[in-house]
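The values are calculated or read from the model by the stated rules, or taken from the named source; none is laboratory data. These numbers come from a predicted model, not from an experiment. In case anyone asks, the SASA skips ligands and DNA or RNA and just uses the protein heavy atoms, side chains included. Shrake-Rupley method; radii C 1.70, N 1.55, O 1.52, S 1.80 Å.
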Amino acid sequence: MVNAVDIHALAEGVRSGDRRSLARAITLVESDRADHRIDALALLDMLGAKKQALRIGLSGTPGVGKSTFIESFGLMLTGFGKRVAVLAVDPSSARSGGSILGDKTRMDHLARDPNAFIRPSPSQTQLGGVARRSREAVALCEAAGFDIVLIETVGVGQSETVVAQMADLFVLLLAPAGGDELQGVKRGIMEMADLILVNKADGDLKAQATRTCADYAGALRLLRKRAQDPDGFPKALTISALEAAGLQTAWEEMQTLADWRQQSSVWQSTRDAQASYWFSEDVRAGLLSILQDDPQTAAQVAQAEKDVRSGLKTPAAAADAVLTPLLKRLH
Ligand code: GDP
């Protein structure tokens with residue numbers, strides 16, 4: 001598909017910030033084909049980062065207002081002269097039969113803004129596969145000179161962890177809750193959040209949103225203060241994505257936090273730790289796929305799994321039964 005000369009041309013196109021080249025480059029890194037993979041790695045190697053973008057992870061359950069928020073927040077940022085890329089990490093996209101950003105009606109205005117780039121989630125059942133593709137897409141957006149990369153995910157279990165591991169800041173979007181109940185947000189996700197935005201603080205929901213925000217601010221204060229935070233963070237604010245209210249304040253808070261982290265070296269050390277995390281994950285995933293591709297080992301794994309399920313072997317003994325012959329073959 002892409003020959004050596006084309007890779008150079010594609011790299012040039014990406015570097016110049018051309019959105020069509022960027023889209024093609026992302027398609028290339030998303031491909032599973034072995035020859036595409038070689039091209040993709042050559043391309044990524046050739047590019048490097050033009051500059052570091054501010055990577056903002058954004059999570060929230062369906063209906064909380066993520067696309068409305070991205071549309072108005074993104075348009076505000078492009079209005080400030082920023083170039084904004086939006087990527088989605090959605091492990092369930094393959095199951096639901098379409099990407100969460102596939103719907104053309106989402107982010108309509110932003111999609112037409114020449115300073116914005118919107119990319120639907122790669123359809124892939126495995127979170128690991130989605131993670132690698134998304135990370136590489138982030139790298140391509142940086143190479144294309146985007147100032148801000150928004151990485152969106154639906155609030156489904158592990159996907160937040162994946163996004164947090166590729167973001168500089170993590171924003172959690174929540175809806176106004178009834179009474180003083182917190183919305184069953186898992187502690188682990190609360191701990192990841194740098195900024196909680198309680199959306200829909202408008203009309204009839206305004207008072208409720210304000211109360212919910214106070215509840216979350218209280219809950220955040222109970223969490224241990226983290227070394228990567230200046231005073232006052234993590235924070236909870238109210239916004240209305242629909243009325244574009246509170247978005248400027250939210251952006252100022254994000255910048256305050258990003259500036260502080262950059263000056264205190266937390267920024268770089270976090271990125272270094274993320275790189276090392278992804279290296280280990282890639283080695284782990286690579287080893288597993290080598291094992292799965294080897295028919296003899298795959299059969300042994302299947303048998304061992306059966307033995308564990310039927311109670312014939314303990315998990316440890318079954319794992320040992322797979323690994324010992326493998327180690328013998330390696331020596
Ligand atoms: P997503 O599933 O998280 O992407 O949520 P959407 O952005 O599609 O929004 C879900 C619904 O909430 C839509 O009907 C929106 O119009 C509505 N919505 C989003 N933001 C706001 C807001 O700030 N205020 C109000 N009142 N409704 C909102």
For residue 145, the residues 5 or more places away or on another chain with a placed amide H closer than 5 Å to its own amide H are 50, 51
Residue by residue, what Karplus-based ³J(HN,Hα) values in Hz, rounded to whole numbers, does segment 80-90 have, using 6.51, -1.76 and 1.60 with θ = phi - 60° and x for Gly and Pro? 7, x, 8, 9, 10, 10, 10, 10, 10, 10, 9
Can you give the angle from 0 to 90° between the axis of helix 4-15 and the longest principal axis of the chain, with both taken from C-alpha atoms, to the nearest 10? 20
Residue-normalised value, i.e. accessible area per residue, for the chain at 1.4 Å probe, in Å², stands at 50
Quick one: which residues, 5+ away or cross-chain, put their amide H under 5 Å from the amide H of residue 117? H built at 1.01 Å from N. 84, 85, 86
Cα-based reach from residue 50 at 22 Å (exclusive), listing lysines while leaving out same-chain residues under 8 positions away: 82
Determine which lysines satisfy two conditions relative to residue 225: a Cα distance under 16 Å, and not lying fewer than 8 residues away in the same chain. 235
Once both axes come from the Cα atoms, what is the angle between helix 206-222 and the longest principal axis of the chain, in degrees from 0 to 90, rounded to 10? 50
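Given 25 °C and 0.890 mPa s, how large is the Stokes-Einstein diffusion coefficient of segment 276-330 in µm²/s, with Rh as the Kirkwood radius over Cα pairs? Numbers along the way, then the final one.
Working: Rh = 12.1 Å.
It diffuses with D of about 203 µm²/s by this estimate.
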Could you give the length gained on full extension between residue 306 and residue 221, defined as 0.36 nm per residue of separation minus the Cα-Cα distance, in nm? 25.9 nm
Ignoring ligands and nucleic acids, residue 83 exposes an accessible area, probe 1.4 Å, in Å² to the nearest 10, of 50
HN-Hα J in Hz across segment 33-44 - Karplus 6.51, -1.76, 1.60, θ = phi - 60°, x for Gly and Pro: 5, 4, 5, 5, 4, 4, 4, 4, 5, 5, 5, 4
5 angstrom amide H check on residue 239, placed H, neighbours 5+ away: 198, 199, 200, 201
Mind jotting down the distance between the C-alpha centroids of segment 288-331 and segment 130-152, whole Å? 37
